[in-house]
Amino acid sequence: MVKPIPADRESMWWAMREQPAPTPASEPSPALPSAVDVLVIGAGVTGLSAAVELARGGRHPVVVEAWRAGAGATGHTTAKVSLLQGARLQRIRQHASAEAVRSYVEANRIGQGWLLDLMRAHSEPVQTRPAVTYAVSDEGAQRVHREAEVAREAGLEIMDEAAHGLPFTTTAAISLADQAQVDPMGAVAALRAELEAHEGELIEGVRVTGLSGGNPWTVHTSAGDLRADAVIMATQTPVGFRGAAQNALSQAKRSYAIAYPLPSGIDPESFPMSLSLDASARSLRTAVGSDCPVLLVGGAGHPVGEGGSTTAHVAELDTWAREHFGVGEPLWSWSAQDYLLATAMPFIGALPVSHGTVLTATGYDKWGMALGAGAGLIMAADLLGGSPGHATAMRHHVTGWHDAASIGAQVAKTLERIVRDRVGSTKADEGAPAEGQGRVEQGPIGPRAVSTVDGRTCSVSAVCTHLGGVLAWNDAERSWDCPLHGSRFTSDGTRLEGPATADLAPVD
Ligand SMILES: Cc1cc2nc3c(=O)[nH]c(=O)nc-3n(C[C@H](O)[C@H](O)[C@H](O)COP(=O)(O)OP(=O)(O)OC[C@H]3O[C@@H](n4cnc5c(N)ncnc54)[C@H](O)[C@@H]3O)c2cc1C
Ligand code: FES
């Protein structure tokens, strides 16, 4: 049985670097400059790529990171740097023209080449592998065929694959040659080294809480205020900026990864990176572990704060791995989240009412390794002058009835959830929850979140400090998770991630 995912959220990539776990820095707040040219918020693949390109272009970017570089999705990804991306292209094609999909692929292709070249230049390993998309059900097979159609329309050389290298029978499979799998913390190390070589600065342990003014912006942080002529919010979802409609249109999806010693019979040099398009997706790749090669199994995704017991999701993934590969005890297991927009196409560019000086990139839908780098390059180009053509085509994709229907459904779901959760919490119960459990109950001034972790029972407000969503207990990670836009908090109310900028208040 897989153990609960540790609260420090340490992925195998973090564990293998033997760095301190990505917890908020406990040292005194680092000193900040009083004014900067461009402030980049967030040191994942997006923010670091943007900062490197700006520094190479003669600007003086400063990156501030709430935790440590790579602490977000980038350090917890499965890190396939691939242009074949499950059902991603057909989802975008439902909302956008063929030209817009081609532009999306182009942004990925440019980001992929740029990131892999940078990693090789800094002697970080890159493993070339075919990417495979497959199905084991008939419904999944239809999605595989549709993906092949849209990918070919976008110019990708897709192969129909009978011999896909997977040790089970499939109903359909396609592949794309010469894609890559990496250690994402190797990507972070290469980006950081390149940034510093061009006199860019990275400051860790500084959380941004808001922006005010404009031209220049006053940026409020945990280490004091600073002024910035331009700001890039590379935080997955915009923070501290009320004009960010992306928050309302985005949904956070959490999924799980488990690393096992490589089972016998699998050749790590030839095993493909793969993703299934059945009802419950499964992601597979091999990786170099600290003592032995590993098989990395990902999936069991669900919207943050929804889908019931998260422990059950991890157990489901573990059972599948044992049945299909006869794996032994897991070496590492972890979880992370990424965002998707109701309009499917990622948003990369300036936020409304910012006059082109506050930029963000979001909505990668778990495909942000190549695109994160590509988005960083686009935002850097926006500020350096001369946005590339593919960025313009992605931004001006046709908004049709599919967009309107998805946006309407997303807004309706959010409103319904707010009302249901506010009236649905149970009456206060006398007893403390069992170890590792939490419940929402009626408190003195609204819903209250009560949980017991490591023998300590905490009672905090169950109302998310972002826009008021009522939180749900995540029993695998022992956290309070918001179903509206994915903010997460520890059992004592400390903010972990997402667009919320304040902790939960304690409630007696
Ligand atoms: C389980 C899982 C598997 C995935 N697998 C793949 C894959 O195989 N291939 C692929 O291409 N993509 C994959 N993805 C998606 C990919 O990892 C992400 O899209 C990508 O890493 C996002 O990078 P980012 O830099 O935009 O965000 P992040 O890496 O999350 O970086 C954002 C940073 O901003 C910081 N931050 C947030 N708020 C603040 C604040 N207020 N002040 C200061 N700093 C702040 C965070 O601490 C974080 O470090 C996967 C995602 C998940 C969840
Ligand atoms: S994250 Fe937006 S309301 Fe909780």
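The table that follows gives values for the structure above.
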| read-out | value |
| --- | --- |
| Residue check for Leu226: under 25 Å from the mean Cα position of the chain (by Cα) and assigned to a strand (DSSP E or B) | no |
| Every residue from the range 290-312 that is closer than 15 Å to Pro330 by Cβ and either surrounded by fewer than 17 Cβ atoms within 10 Å (Cβ to Cβ) or free of Cβ contacts under 8 Å to residues at least 12 places away in the same chain (or both) | Ser290, Asp291, Cys292, Pro293 |
| Test: Gln442 is under 27 Å from the mean Cα position of the chain (by Cα), more than 14 Å from ligand 1 (Cβ to nearest atom) and not charged (D, E, K, R) | no |
| Some residue of the range 492-506 being among the β-branched types (Val, Ile, Thr) and over 17 Å from Gly438 (Cα atoms) | yes |
| Sole exception among (1) at negative phi; (2) crowded, with 19+ Cβ neighbours inside 10 Å; (3) at pLDDT 95 or above; (4) out of contact with any Lys or Arg (no Cβ under 9 Å at 6 or more places or on another chain) for Gly42, by number | (1) |
| Selection count where residues are out of contact with any Phe, Trp or Tyr (no Cβ under 9 Å at 6 or more places or on another chain) and in contact (Cβ under 8 Å) with a residue 60 or more places away in the chain, scope the range 189-216 | 19 |
| Residue in the range 30-39 that is surrounded by 24 or more Cβ atoms within 10 Å (Cβ to Cβ), acidic (Asp, Glu) and in contact with a strand residue (DSSP E or B) (Cβ under 7 Å, 6 or more places away or on another chain) present | no |
| Residue list for the range 457-471, restricted to those being surrounded by fewer than 23 Cβ atoms within 10 Å (Cβ to Cβ) and away from ligand 1 (no atom under 16 Å from the Cβ) | Thr457, Cys458, Ser459, Ser461, Gly468 |
| Test: Ala173 is closer than 30 Å to Gly140 by Cα, outside any loop (DSSP other than H, G, I, E, B) and either modelled with pLDDT of 95 or more or not basic (Lys, Arg) (or both) | yes |
| Only one of Ala502, Ala472 that is of a type in the set (A, V, I, L, M, F, W, C), more than 18 Å from Glu10 (Cα to Cα), within 16 Å of ligand 2 (Cβ to nearest atom) and touching a Pro at 6+ places or on another chain (Cβ under 9 Å) | Ala472 |
| Residues satisfying the stated conditions in the range 454-508, i.e. farther than 22 Å from Ala342 by Cβ and among the polar types (S, T, N, Q) | Thr457, Ser459, Ser461, Thr465, Asn474, Ser479, Thr490, Ser491, Thr494, Thr501 |
| Residue pairs meeting the criteria (Cβ under 6 Å; at least 6 apart or on separate chains; first within 13 Å of Glu306 (Cα to Cα), in the range 477-488; second among the acidic types (Asp, Glu) and within 14 Å of ligand 1 (Cβ to nearest atom)) | Arg488/Asp481; Arg488/Glu497 |
| Whichever residue in the range 273-289 is closer than 15 Å to Ile174 by Cα and among the polar types (S, T, N, Q) and, among such residues, is surrounded by the fewest Cβ atoms within 10 Å (Cβ to Cβ) | Ser283 |
| Restricting the range 473-490 to residues that are away from ligand 1 (no atom under 16 Å from the Cβ) and at pLDDT 95 or above, the residue that is nearest to Val239 (Cα to Cα) | Trp480 |
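Residue-wise test of (1) in contact with a strand residue (DSSP E or B) (Cβ under 8 Å, 6 or more places away or on another chain); (2) part of a strand (DSSP E or B); (3) under 22 Å from Val314 (Cβ atoms).
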position	(1), (2), (3)
Arg448	yes, yes, no
Ser451	yes, yes, yes
Thr457	yes, yes, no
Leu467	no, no, no
Trp473	yes, yes, yes
Glu477	yes, no, yes
Trp480	yes, yes, yes
Pro483	yes, no, yes
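The values are calculated or read from the model by the stated rules, or taken from the named source; none is laboratory data. This one's a predicted model, so the numbers in the text were calculated from it and none came from an experiment. Every residue, glycine among them, receives a Cβ derived from its backbone with ideal geometry; neighbour counts consider all protein chains shown.
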